[in-house]
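In what follows, a single structure is set out as structure tokens and then discussed.
The values are calculated or read from the model by the stated rules, or taken from the named source; none is laboratory data. Just so it is clear, the structure is predicted and the values come from calculations on it, not from any experiment. We place every Cβ from the backbone using ideal geometry, glycine too, and count neighbours over all the protein chains shown.
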Amino acid sequence: MKLLRATIYGFGKWVDESIDFSGAPFLCIHGENESGKSTLQQFILFMLYGLPPKKRAFYQPKTSSKMGGVLTIWSPSIGEVTIERFDHVRNGAAICKTSNGQTYDEEWLIKLLNGMTLETYQSIFSFSAVDLDVMKQMKGSDLSEVLFGIGLTGSATIHQLEKRLDQELSGLFKPYGKKPALNEQLKVVDNLWKTSLEQKQKESTYRSKKEQQHALETEMNHLESQLTENKKKEIDVDRHLQALPMLQAYQQTRSQLKQYPETIAFPENGIERLNQSKETMLPLKSELDLLQDKQQEYKAKQNELRSELYEKEVYEKVQQLVNQKQELIDYQAEQTQLGEQIQQLDHQIEIELQDMDIGIEREYLEHIQLPFHLERTWNELKEEQKQLVSEKEQLQQEETTILKQKQYLENQKEEKESNLLEEDELQENKERIQQYEKEQYIKYTEQQRTPQKENWQEWKRKRKKTMQYGSSGAFILSIPNMWLGITMENQFFYVVAGLLILVAAGIAIWSYQSMKLADTFLSEYQLNDVEKSAPSISKAEKNKAVTLLDTQQQALQDVQLIDDQLKKLTIQHMQLEERTNSFQVKQNRFQDKLEETYRDFPFLKRIAITYWPSFYHSLKQLINSNRQLQQIKNMVAKLENWQQDFHQEITQFYAENSWNTNSQNLEELIAELEHLLEEARYTKGLVTQYTKWIEENVHRQRELTKQISIIEREIEDLFQIANVTTEEAFYERAKVFQVKQQLVDKENELRLQLASWYADLDENALQAKANTDALLLERKKELIEQTISQVETTREATRQTLSEVKADLQKMEETEDYSTTIHRFSVEQESLNRMAKEWAIRKTAKEMLTKTKHTYRDHYLDKIVAQTSTFFEAITNGFYQRVFAPLETKTFRVETQDGIQYDVEELSQGTMNQLYVALRLAIGIIMSKKHHVPFMIDDAFVHFDDRRTINVIGLLENISEKHNHQIILFTCKEAINHNINLGKQIRIGNSVRII
Amino acid sequence: MTDEVSFIHAADLHLDSPFKGLAHVPDFILQEMQESTFKALNRLVQTAIDKKVDFVLLVGDLFDNEKQSLKAQVRLRQAFEQLEKHHIKVYMSYGNHDHIEGNVHPMSYPDNVFIFPNEGITDFVYQKNGKDQAAIYGFSYETQAVVERKVNEYSITDSKIPFHIATLHGSLQTNTEHDTYAPFQISELQNTDFDYWALGHIHKRTILQETDPTIIYPGNIQARHRKESGEKGCYYVKLRNQSAADLSFVPLHTIEFKEVELDVSECTEVYQLETFLQQKLQELLPDTTSQFIYLTLTSDHQLLHQLDKDRVLEDMISLLNETLMNQENWHYIANYRIQENTSISYETLYKGDHFVGVLLRQTEDTEIQTYLQELYQHKQARRYLDSLTEEEAQSIAEEARELLVTELLVNRGE
């Protein structure tokens, strides 16, 4: 494989640059420090193997946003391939394109590289001065080993790894060590194991202890039963000793009893019964005596009380008086109530009198009489006065009206008369008219018969119209005047109405005559149509005359009418004066009546007549109140009288019975009487009580007597049973009976006591026991006690041992030592096993490494060493001719052309580096038979002298030519550049330049 | 009235037997481990009392003779005494681990305990209200190994008794994990007239057949190593005439074993990993029981290896453990394993002519035992080290290869 071109879009300081690697297999890239040589190497590696995101970020150019590029390579199997990678495309994955336009992915690229990983590549085909520096840090003695290690993988890793594994292994375990972790853990586990064995041993004694416990428990049981047996014997002897006096007493009692007769007649519990009867009787008798005394006492007391009481009649009278008490209380209450009423009424009357303020005194009220008709009389006076006033007003009003009308009419008349024409004037106008009419007539008859005729007809029509309007107007005007006349009863209006009717009639008549005149003319026209003369009077003159005549006529009629009216008014005035006179008479009569009333009731003068009816009612009310007041006062007086009488009666009663009293008051007296009654009632009660007690007393006495006789009969019976008659003899007999009974009881008691011990023994056996010697028994007891003491001691010792064994067992059961130890052991053993595994892994790894080393060496070493020799010889210009591979005990050795051999340690630094370079080149060449990838060497020749530098360059040129193996040398040394012959040179710096 | 019996079926109590495969646990956890089998026993007793069962069946391996502590015996006796107070009978047999001859601490148990006395099939009759209610059959191991087929020896003695329960401590013949003691095949049990086959010996809970007859391995009551994961306990059984057995599993364990696998590919930095693990574990782990966690961390990149090499991962796990332990029901990461899908292509490397290639080819089938003799045959150490199984040897070889490749390639130049 060869690199052809690199196009860098952006990678570290490289931005948009292209480098051509083709042209020659050996390529020297020269650049000063920081010119980007290492970055270029990284770019190539990046293109081939990719980079993780962090590293890609590291190479992100500062001046460009692009990161990535294209590398074109040549593969013998495929031809030209371009590899493209961009940071942001597919997470930096490669896109490969072949010359035939096919596109492939990363996987494909890995296959193309034929198993060559980045790591392997860096181990074999890439080395730099830094790798040589690592060598320098190695100790001289390690160097051969290091060189060997490099010979195998291309770096010092194997050696370092081997050493580390050794360290770790010895840190973990040494067969005879103490400190290593495994050895220490082994100790822990071993100790735990031993402890557990001891504890297990201890626990295994549990079984024997259990057996011991069982044996001891059996022993204990045996001893217990022995003890029980002896204790029982001891109890028997003890009991015999204890019972001995009792046994003897029993025998003695039995012999005593034999001296008494078989039976003695005596009532059962005779003494007690007798005593009991006597005891019962005694209180009964004493009670009887007491009752008799009491009876006497009660009777005396009763008589005494009776003497204290008054006669029955006295109490009846007292009772009667006391009974009136309630009446008294009621009357007193009523009296108080009435007093209040009096006060109230009195006050009320006083106020009303003041309110009226008409000078009526209280005394007057008591005497005043209001007859039944008075109210009506006062009312009539009021009405009459009212009527008189209204009548007077009307008369005055009528008079005024009449006078006013009269005045008006007179004025009217005067006015009309002043407007009338003089007589001659009147005549003149008449003539003119006649003259005109005559002339007109002739004219019309001659010339214009027809038009004349029409004129006349017209005129006639007008007249007719005047008649209609004038008469109907006057008539209509007369109607309101008529109505006024009727309503107001005024003759003036009648007159006016009459005049108007006349006017209407006048108009009608005048019009009719005019029409008749017209008809005459009309007929004349028919006759004298041809008659005609010259006119002396104009038509206007003629019309004026007619008008004047008409007016005159009208005025005359008016004057006539007014005169008629005036006459009527005069008549009315006279009638009015008549009525005024009769009103005056009425007025005088009323005044007389009034005076009469004032005489009877002078206070009325102060009151307007209008208010008299209402005043009547107030007065009447007042008089009633006053009467009521008098009635109440009378009642109060009656009540007071009654009380006085009552008091009198009581006082008299006291006197009759010649009782003295300090009480003056009626109430106190009554209270005294009540008390008297109460006392009497109490005394009577006591008397009754005593009577009752005496009855009860007598009854009880009868009962007691009966009981006493019963008891006396019982005593009699007792004597009979004992076959005695006196009490003394009864007691004598009792004594004998008692002694025998005591003996019997004693015998029974002893028998009973003995039975609790010797229930199963008969009388003979008891007799025998009673005859035993006490001393003998004591002796027997001592012997038994000794035995018991011995057994008890043994038992105590056994119990002690047993409890010890039990305690031991319990302790064993409670202890968890063994359990804890085996659990702890298990955990620690696991730790040990884990450590062992750790060790095993490392140990195996180390063994594998060693084994592989041998194999590998066997396989490659000969070739590599031969190749190394060739290269080393070339570099040293034939000074060193052979290199020997290190054997088990020997290191790398070299041989000069003189046949002298040197150890690696003996070589100079430069020579050592040259040997290293030769070795790396040899490995690379050997390996490149499989992996044909370019070498990348970075300034590995710093310690070389000029001669050997030239040799190395020559060697590299040769190798590349001979093996057609691309070698790219990165250097900052100008000298190297100068020595290149066959190779291609590229300068990098400000720009890429190909020389 | 229908006949009914109720009982607890348990086996393989292994009282006070130590846990296996746990190293460096804190003292308080060690104490809990030590108490765990007894706690499970106490829970069993309490369950029997609470459920008011008629009797308890304990089918062998109540403890281990090899490491039998007196404590185990005493606690067992105390448990029986408690059951006696509640009138609950116990029918028990000895198994291969607690066979009669090997018993170092023979104990006398209260009267409610009935022990199958020898290797012949014996039966006890359980009476309820004066009536025969159930016959319980079984045998005990007198010596450590009973290899005969015992099934054929079981036969019903009195067919008038309503229920017949057979106890058998032995292995199903297909089961290859355990020594084949008193082997049987399911078909053999199926052909019997027993109502219930109460089995013991296998620690994994298995219902071989639900009914007619019911055949059950209840498993052990407390797990003691990684392979015994999940809940452990006993069966509470009710048998009724003419109906299927009423079975319910009752967990008794106090400590559980749990495998947890976490993909931590998303973590590229140490602090991320720590937070991630903390979070994930808190989410994953239940708060109801204490657990030993076996953690497998998988990742796409090499952070884990790096951290593991630098012992950072170990410290992180310790820190995590401190948090996880600080709870009423603690969790403790007992071990962790990392599994990385690294960019190293073994396939490619294998083909290479370089050293790693040769190494991989060379060590493909290495017999490693000889390398390890120094330790494993060490006169003191070999007493306490478990001899390596083929599988373990394989795994060690694999890990060694991995270590070499990683170191040679990944960590080059360090």
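Could you tell me whether segment B:243-252 includes any residue that is among the polar types (S, T, N, Q), part of a strand (DSSP E or B) and over 30 Å from B:Phe38 (Cα atoms)? Don't jump to the end; show me each part of the working.
Going residue by residue through segment B:243-252, those that are among the polar types (S, T, N, Q) are B:243, B:248.
Pick out the ones that are also part of a strand (DSSP E or B) and you get B:243, B:248.
Now drop any that are not over 30 Å from B:Phe38 (Cα atoms), which leaves B:243.
Checking segment B:243-252: at least one residue is among the polar types (S, T, N, Q), part of a strand (DSSP E or B) and over 30 Å from B:Phe38 (Cα atoms).
Please determine, by comparing only the residues of segment A:827-855 that are polar (S, T, N, Q) and within 7 Å of another protein chain (Cβ to nearest Cβ), which one is farthest from B:Leu403 (Cα to Cα). Steps first, answer last, please.
Looking only at segment A:827-855, we keep the residues that are polar (S, T, N, Q), and these are A:829, A:831, A:833, A:844, A:850, A:852, A:855.
Imposing the further condition that a residue be within 7 Å of another protein chain (Cβ to nearest Cβ) reduces the set to A:829, A:831, A:833, A:844, A:852, A:855.
On the way: A:Gln829: 25, A:Ser831: 21, A:Asn833: 19, A:Thr844: 10, A:Thr852: 14, A:Thr855: 19 Å.
Selected residue: A:Gln829.
If a residue must be part of a helix (DSSP H, G or I) and either among the acidic types (Asp, Glu) or more than 7 Å from chain A (Cβ to nearest Cβ) (or both), how many such residues does segment B:386-400 contain?
Just the residues of segment B:386-400 that are part of a helix (DSSP H, G or I), to begin with: B:390-400.
Of the ones still in play, those that are also either among the acidic types (Asp, Glu) or more than 7 Å from chain A (Cβ to nearest Cβ) (or both) are B:390-395, B:398-399.
Number satisfying all stated conditions: 8.
Just to be sure before I move on: is A:Ile351 out of contact with any Gly (no Cβ under 8 Å at 6 or more places or on another chain) and surrounded by 12 or more Cβ atoms within 10 Å (Cβ to Cβ) in the structure I sent? Even if it seems obvious, please write down each step before you answer.
Values: out of contact with any Gly (no Cβ under 8 Å at 6 or more places or on another chain): yes; surrounded by 12 or more Cβ atoms within 10 Å (Cβ to Cβ): no.
No: the conditions fail for A:Ile351.
Quick test of your reading of the structure: A:Ser908 fulfils all but one of (1) surrounded by 15 or more Cβ atoms within 10 Å (Cβ to Cβ); (2) closer than 30 Å to A:His963 by Cβ. Name the failing condition by number.
(1)
Yes or no, residue by residue, for (1) out of contact with any Asp or Glu (no Cβ under 6 Å at 6 or more places or on another chain); (2) under 18 Å from A:Tyr9 (Cβ atoms):
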{"site": "A:Phe21", "(1), (2)": "yes, yes"}
{"site": "A:Phe26", "(1), (2)": "no, no"}
{"site": "A:Gly31", "(1), (2)": "yes, no"}
{"site": "A:Gly36", "(1), (2)": "yes, yes"}
{"site": "A:Gln41", "(1), (2)": "yes, yes"}
{"site": "A:Arg56", "(1), (2)": "no, yes"}
{"site": "A:Gln60", "(1), (2)": "yes, yes"}
{"site": "A:Gly68", "(1), (2)": "no, yes"}
{"site": "A:Val81", "(1), (2)": "yes, no"}
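Just one of the numbered conditions (1) within 14 Å of another protein chain (Cβ to nearest Cβ); (2) more than 26 Å from A:Phe879 (Cα to Cα) is not true of A:Cys972; which one?
Here A:Cys972 clears every test but (1).
Any idea how many residues of segment B:36-58 are touching a residue at least 40 places away in the same chain (Cβ under 8 Å), part of a helix (DSSP H, G or I) and of a type outside the set (Ser, Thr, Tyr)?
Final tally of qualifying residues: 7.
Collect the residues in segment A:329-370 that are touching a Phe, Trp or Tyr at 6+ places or on another chain (Cβ under 8 Å) and at pLDDT 85 or above, keeping them in residue-number order.
A:Tyr331
Has segment A:87-100 got at least one residue that is within 14 Å of chain B (Cβ to nearest Cβ), surrounded by fewer than 19 Cβ atoms within 10 Å (Cβ to Cβ) and more than 27 Å from A:Gly23 (Cβ to Cβ)?
Checked against the condition, which is being within 14 Å of chain B (Cβ to nearest Cβ), surrounded by fewer than 19 Cβ atoms within 10 Å (Cβ to Cβ) and more than 27 Å from A:Gly23 (Cβ to Cβ), segment A:87-100 yields at least one hit.
Would it be correct to say that A:Tyr364 is under 30 Å from A:Tyr654 (Cβ atoms) and aromatic (Phe, Trp, Tyr)? Lay out the reasoning, then the answer.
Details: under 30 Å from A:Tyr654 (Cβ atoms): no; aromatic (Phe, Trp, Tyr): yes.
So A:Tyr364 fails the test.
Conditions first: (1) assigned to a helix (DSSP H, G or I); (2) under 30 Å from A:Met635 (Cβ atoms). A:Met281 passes all but one, so which condition is the exception?
Tallying (1) assigned to a helix (DSSP H, G or I); (2) under 30 Å from A:Met635 (Cβ atoms), A:Met281 fails exactly one: (2).
For every residue, the table says whether it meets (1) surrounded by fewer than 17 Cβ atoms within 10 Å (Cβ to Cβ); (2) touching a Leu at 6+ places or on another chain (Cβ under 6 Å); (3) at pLDDT 85 or above.
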position: A:Arg947; (1), (2), (3): yes, no, no
position: A:Leu956; (1), (2), (3): no, no, yes
position: A:Asn964; (1), (2), (3): yes, no, no
position: A:Ile967; (1), (2), (3): no, yes, yes
position: A:Ile976; (1), (2), (3): no, no, no
position: A:Leu982; (1), (2), (3): yes, no, no
position: A:Gly989; (1), (2), (3): yes, no, no
position: A:Ile994; (1), (2), (3): yes, no, no
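For the structure I just gave you, tell me whether B:Val25 is among the β-branched types (Val, Ile, Thr), buried (at least 20 other Cβ atoms within 10 Å of the Cβ) and either more than 23 Å from the chain's Cα centre (by Cα) or facing chain A (nearest Cβ under 10 Å) (or both). Don't jump to the end; show me each part of the working.
Values: among the β-branched types (Val, Ile, Thr): yes; buried (at least 20 other Cβ atoms within 10 Å of the Cβ): yes; either more than 23 Å from the chain's Cα centre (by Cα) or facing chain A (nearest Cβ under 10 Å) (or both): yes.
It is true that B:Val25 is among the β-branched types (Val, Ile, Thr), buried (at least 20 other Cβ atoms within 10 Å of the Cβ) and either more than 23 Å from the chain's Cα centre (by Cα) or facing chain A (nearest Cβ under 10 Å) (or both).
Here's the yes/no breakdown for (1) more than 30 Å from B:Arg75 (Cα to Cα); (2) within 11 Å of chain B (Cβ to nearest Cβ):
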position	(1), (2)
A:Asp773	yes, no
A:Ala807	no, no
A:Met812	no, yes
A:Phe825	no, yes
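Filter segment B:77-105 down to residues that are touching a helix residue (DSSP H, G or I) at 6+ places or on another chain (Cβ under 7 Å) and of a type outside the set (A, V, I, L, M, F, W, C), then give me how many there are.
Just the residues of segment B:77-105 that are touching a helix residue (DSSP H, G or I) at 6+ places or on another chain (Cβ under 7 Å), to begin with: B:79, B:82-83, B:86, B:88, B:90, B:94, B:104-105.
Pick out the ones that are also of a type outside the set (A, V, I, L, M, F, W, C) and you get B:82, B:86, B:94, B:105.
Here the count works out to 4.
Within segment B:291-311, can you find the residues that are in contact with a helix residue (DSSP H, G or I) (Cβ under 7 Å, 6 or more places away or on another chain) and at pLDDT 85 or above?
The one that is in contact with a helix residue (DSSP H, G or I) (Cβ under 7 Å, 6 or more places away or on another chain) and at pLDDT 85 or above: B:Leu297.
Answer yes if at least one residue in segment B:85-96 is away from chain A (no Cβ under 14 Å), closer than 30 Å to A:Arg824 by Cβ and either modelled with pLDDT under 90 or in contact with a His (Cβ under 7 Å, 6 or more places away or on another chain) (or both), and no otherwise.
Pass one, segment B:85-96, residues away from chain A (no Cβ under 14 Å): B:85-96.
Imposing the further condition that a residue be closer than 30 Å to A:Arg824 by Cβ reduces the set to B:92, B:94-96.
Okay, now just the ones that are also either modelled with pLDDT under 90 or in contact with a His (Cβ under 7 Å, 6 or more places away or on another chain) (or both), so B:95-96.
Scanning segment B:85-96 turns up at least one residue that is away from chain A (no Cβ under 14 Å), closer than 30 Å to A:Arg824 by Cβ and either modelled with pLDDT under 90 or in contact with a His (Cβ under 7 Å, 6 or more places away or on another chain) (or both).
Do we find a residue being under 30 Å from A:Arg306 (Cβ atoms) and either part of a helix (DSSP H, G or I) or without any contact (Cβ under 8 Å) to a residue 24 or more places away in the chain (or both) anywhere in segment A:703-714? Spell out the reasoning first.
Here is the first cut: in segment A:703-714, the ones under 30 Å from A:Arg306 (Cβ atoms) are A:703-704.
From what is left, the residues that are either part of a helix (DSSP H, G or I) or without any contact (Cβ under 8 Å) to a residue 24 or more places away in the chain (or both) are A:703-704.
Checking segment A:703-714: at least one residue is under 30 Å from A:Arg306 (Cβ atoms) and either part of a helix (DSSP H, G or I) or without any contact (Cβ under 8 Å) to a residue 24 or more places away in the chain (or both).
Can you find even one residue in segment A:479-487 that is out of contact with any strand residue (DSSP E or B) (no Cβ under 8 Å at 6 or more places or on another chain), surrounded by 13 or more Cβ atoms within 10 Å (Cβ to Cβ) and in contact (Cβ under 8 Å) with a residue 24 or more places away in the chain? Spell out how you get there, then give the answer.
Step one: list which residues in segment A:479-487 are out of contact with any strand residue (DSSP E or B) (no Cβ under 8 Å at 6 or more places or on another chain), which gives A:479-487.
Checking the rest, the ones that are also surrounded by 13 or more Cβ atoms within 10 Å (Cβ to Cβ) come to A:480-482, A:484-485.
From what's left, in contact (Cβ under 8 Å) with a residue 24 or more places away in the chain: none.
Checking segment A:479-487: not a single residue is out of contact with any strand residue (DSSP E or B) (no Cβ under 8 Å at 6 or more places or on another chain), surrounded by 13 or more Cβ atoms within 10 Å (Cβ to Cβ) and in contact (Cβ under 8 Å) with a residue 24 or more places away in the chain.
Take A:Val894 and decide whether it is more than 14 Å from every other protein chain (Cβ to nearest Cβ) and either farther than 29 Å from A:Ser928 by Cβ or outside any helix (DSSP H, G or I) (or both). Can you show your working first?
Working: more than 14 Å from every other protein chain (Cβ to nearest Cβ): yes; either farther than 29 Å from A:Ser928 by Cβ or outside any helix (DSSP H, G or I) (or both): yes.
It is true that A:Val894 is more than 14 Å from every other protein chain (Cβ to nearest Cβ) and either farther than 29 Å from A:Ser928 by Cβ or outside any helix (DSSP H, G or I) (or both).
Hey, A:Phe941 hits all of (1) in contact with a strand residue (DSSP E or B) (Cβ under 6 Å, 6 or more places away or on another chain); (2) surrounded by 21 or more Cβ atoms within 10 Å (Cβ to Cβ) but one; which does it fall short on?
Of the numbered conditions (1) in contact with a strand residue (DSSP E or B) (Cβ under 6 Å, 6 or more places away or on another chain); (2) surrounded by 21 or more Cβ atoms within 10 Å (Cβ to Cβ), the odd one out for A:Phe941 is (1).
Just the residues that are more than 10 Å from chain B (Cβ to nearest Cβ), free of Cβ contacts under 8 Å to residues at least 24 places away in the same chain and either of a type in the set (Phe, Trp, Tyr) or assigned to a helix (DSSP H, G or I) (or both), please, taken from segment A:156-204.
Listed by number, the residues that qualify are A:His159, A:Lys163, A:Gln167, A:Ser170, A:Gly171, A:Glu184, A:Asn191, A:Lys194, A:Leu197, A:Glu198, A:Gln201.
With the requirement that a residue be touching a Phe, Trp or Tyr at 6+ places or on another chain (Cβ under 8 Å) and buried (at least 16 other Cβ atoms within 10 Å of the Cβ), what does segment A:16-27 give you?
A:Leu27
Is there any pair linking a residue in segment B:357-375 that is facing chain A (nearest Cβ under 7 Å) and acidic (Asp, Glu) to one that is surrounded by fewer than 18 Cβ atoms within 10 Å (Cβ to Cβ) and not in a helix (DSSP H, G or I), with Cβ under 9 Å and at least six apart or on different chains, and which?
Once the first residue is facing chain A (nearest Cβ under 7 Å) and acidic (Asp, Glu) and sits in segment B:357-375, its partners that are surrounded by fewer than 18 Cβ atoms within 10 Å (Cβ to Cβ) and not in a helix (DSSP H, G or I) give B:Glu374/A:Pro175.
Please tell me if A:Gln302 is surrounded by 15 or more Cβ atoms within 10 Å (Cβ to Cβ) and of a type in the set (S, T, N, Q).
On the way: surrounded by 15 or more Cβ atoms within 10 Å (Cβ to Cβ): yes; of a type in the set (S, T, N, Q): yes.
Criteria met by A:Gln302.
Looking at this structure, is B:Ser187 over 25 Å from the mean Cα position of the chain (by Cα), polar (S, T, N, Q) and either loosely packed, with under 13 Cβ neighbours inside 10 Å or under 29 Å from B:Glu81 (Cα atoms) (or both)? Outline the logic, then answer.
Details: over 25 Å from the mean Cα position of the chain (by Cα): yes; polar (S, T, N, Q): yes; either loosely packed, with under 13 Cβ neighbours inside 10 Å or under 29 Å from B:Glu81 (Cα atoms) (or both): yes.
Yes.
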